[in-house]
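Here it is: the structure, laid out below.
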Amino acid sequence: LWGHPIRTLLLFFILSVTLPLTGFAESVDTQIQKGISQYSEGAFKDAGESFSSARSARPEDSRIPYNQGNSLYKDGNFQEALKAYNDSALNETNLDIRRNSLYNAGNAMVKLEKLEEAESAFKKVLTLDPSDRDAKYNLEYVREQLKKKEEQKQDQDKQKNKDSDKDSSSKKEK
């Protein structure tokens, strides 16, 4: 085997192509494990960075952006968490990841005060799993918040009308 130059060259070529790939795959798995450990230790920012590194190497694995989103959410970075959850929710083969990503995206939207979008996310969760009590509870909470927001807007509009009526009547008196 080693005596023939073409075989030797072919062997080195095969090894040079396959060894980095196996090492690369191991490093991605190492990054994922590192992120999981960091998350469990409460180092959410570091975990998010580890998952980000793994994600760039394995973009098709929806579990990675899901875990990245959880890390970002716990770190208080709700906008970036939302992006990660939305990416993870695009996976239609793993329904658990999709449902959990949509649910967590809804929670991130609540934190960002995007209540209409949150309502839509929780509705989608319930279409995937009508028995999800947490999604039902959160949907009702969001609807109550939307109702309060609408009532506050109406009160402000009434107050504006009263103030403009006062202004117009005081102008007439002059």
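With every protein chain left in place, what is the accessible area of Glu60 in Å² (1.4 Å probe, nearest 10)?
Per-residue accessible area (Glu60): approximately 130 Å².
Measure off, as a whole percent, the carbon and sulfur share of the 1.4 Å-probe accessible area of the stretch 105-154, all protein chains present.
46
What are the ³J(HN,Hα) values, in whole Hz, obtained from phi via the Karplus relation 6.51 cos²θ - 1.76 cosθ + 1.60 with θ = phi - 60°, for each residue of the stretch 116-127 in sequence order, with x given for Gly and Pro?
Couplings: 4, 5, 5, 4, 4, 5, 5, 4, 4, 4, 5, 6 Hz.
Can you work out the Karplus-derived ³J(HN,Hα) for every residue in the stretch 44-55? Use 6.51 cos²θ - 1.76 cosθ + 1.60 with θ = phi - 60°, whole Hz, and x for glycine or proline.
5, 5, 4, 4, x, 5, 5, 5, 5, 4, 5, 5
What residues of the stretch 84-114 lie in the reach of a label at Glu144, counting those whose backbone N is under 19 Å from a point 7 Å from the Cα along Cα→Cβ?
It comes to 106-114, nothing else.
I need the shape label for the stretch 36-174. Rule: rounded when a/c is under 1.5, else prolate if a/b > b/c, else oblate, with a, b, c from the alpha carbon gyration tensor.
The shape class here is prolate.
Let me ask something else about it. Explain nothing, just compute: Karplus ³J(HN,Hα) = 6.51 cos²θ - 1.76 cosθ + 1.60, θ = phi - 60°, for every residue of the stretch 131-141 in order, whole Hz, x for Gly and Pro.
Each residue's phi maps through the Karplus curve to give 8, 6, 5, 5, 5, 4, 4, 5, 4, 5, 4 Hz.
The values are calculated or read from the model by the stated rules, or taken from the named source; none is laboratory data. Note that the structure is a prediction, hence the values are computed from the model and not measured. Ideal geometry is used to build each Cβ from the backbone, glycine not excepted, and the neighbour counts take in all protein chains shown. Surface accessibility is based on the protein's heavy atoms, side chains included, excluding ligands, DNA and RNA. Shrake-Rupley method; radii C 1.70, N 1.55, O 1.52, S 1.80 Å.
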